[in-house]
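All remarks here apply to the structure that follows.
The numbers here are math on the coordinates, done by the rules we state, and not lab data. Everything numeric here is computed off the predicted structure, so don't read it as measured data. Note that each Cβ is placed from the backbone with ideal geometry, even for glycine, and that neighbours are counted across all protein chains shown.
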Amino acid sequence: MIFDYYQENSGYVSIWAGHFENNDQLDSYLSTVYQREDETDEEFSKELERLFLSQNQNRACEVELKELYDEFYNQFEYDFGFTFDEDFCEAVFYELTFTKLDQLLQNDFSYSEQFKGRFISKVGNDLSQPYNAIILLFGVNYDGQNLTVNHDTYHIDFLGTIYFDDERG
């Protein structure tokens with residue numbers, strides 16, 4: 001089952017780390033793709049066929065995602081099996097790769113002073129491999145049903161979720 005997590009999970013942030021070729025690839029991965037006006041339904045359906053992987057056919061959310069994606073899709077949502085509001089996503093691509101979480105979280109993300117130290121304490125500062133991108137989804141309490149996604153030229157790992165008080169601002 002897929003959820004629009006934001007409404008019921010205000011105060012949570014879920015965090016992923018990835019390795020991408022460049023910033024455009026990260027942006028493309030996180031962006032929703034809409035059927036173009038000059039694109040036929042058949043052409044768009046072929047794009048969706050590439051999206052819906054045979055190894056995912058038994059996922060609980062697969063049917064719902066297929067119903068949802070009739071005129072648009074989002075690769076990140078599909079890979080991890082949930083929906084999110086792009087307004088509550090923050091992501092950074094770095095030219096360098098890092099093996100420490102505090103290096104990936106070096107930017108001033110929204111509310112980062114309220115969760116950064118606690119999150120690093122919770123999951124540890126040492127990363128399992130080098131990463132050059134970090135993705136934060138606010139209002140998402142991701143359950144970790146899918147921890148890792150590998151594509152030909154990029155890789156993403158779910159690191160965890162933490163609660164913070166988003167009312168203190």
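Rounded to the nearest whole Hz, the Karplus-based 3J(HN,Hα) values (6.51 cos²θ - 1.76 cosθ + 1.60, θ = phi - 60°) of the range 70-81 follow the sequence 9, 10, 7, 7, 9, 4, 4, 4, 4, 4, 9, x, with x at glycine and proline. Residue exposure proxy: ARG118, ARG50, ordered by other Cβ atoms within 10 angstrom of their Cβ from fewest to most, comes out as ARG50, ARG118. Shape of the chain from its Cα gyration tensor (a ≥ b ≥ c, root eigenvalues): rounded if a/c is under 1.5, otherwise prolate when a/b > b/c, or oblate? Prolate, since a/c reaches 1.5 and a/b exceeds b/c.
Could you please report the charge total around VAL149, scoring K, R as +1 and D, E as -1 over all other residues with beta-carbon less than 13 angstrom from its beta-carbon?
Working: positive: ARG59; negative: GLU77, ASP79, ASP152, ASP157.
Taking every other residue near VAL149 into account, the sum is -3.
Among ILE134, ILE162, a tally of other beta-carbon atoms within 10 Å of each Cβ gives an order, fewest to most, of ILE162, ILE134. Karplus-based coupling profile of the range 124-136, in residue order and whole Hz: x, 8, 7, 8, 6, 7, x, 10, 10, 8, 9, 10, 10, with θ = phi - 60° in 6.51 cos²θ - 1.76 cosθ + 1.60 and x standing for Gly or Pro. Using C-alpha pairs under 8 Å with a sequence gap of at least 6, the mean separation divided by the residue count of the chain gives a relative contact order of 45 percent.
Taking a sphere under 14 Å around the Cβ of ASN125 and counting the other residues whose Cβ falls inside, with K and R at +1 and D and E at -1, yields a net charge of +2. A run of the chain free of exposed loop cleavage sites, with GluC sites (Glu not before Pro) counted only in DSSP states other than H, G, I, E and B and at most 16 other beta carbons within 10 Å, reaches its longest extent at 72-166.
By the count of other C-beta atoms within 10 Å, a proxy for reagent exposure, ASP79, ASP24 are ordered fewest to most as ASP24, ASP79.
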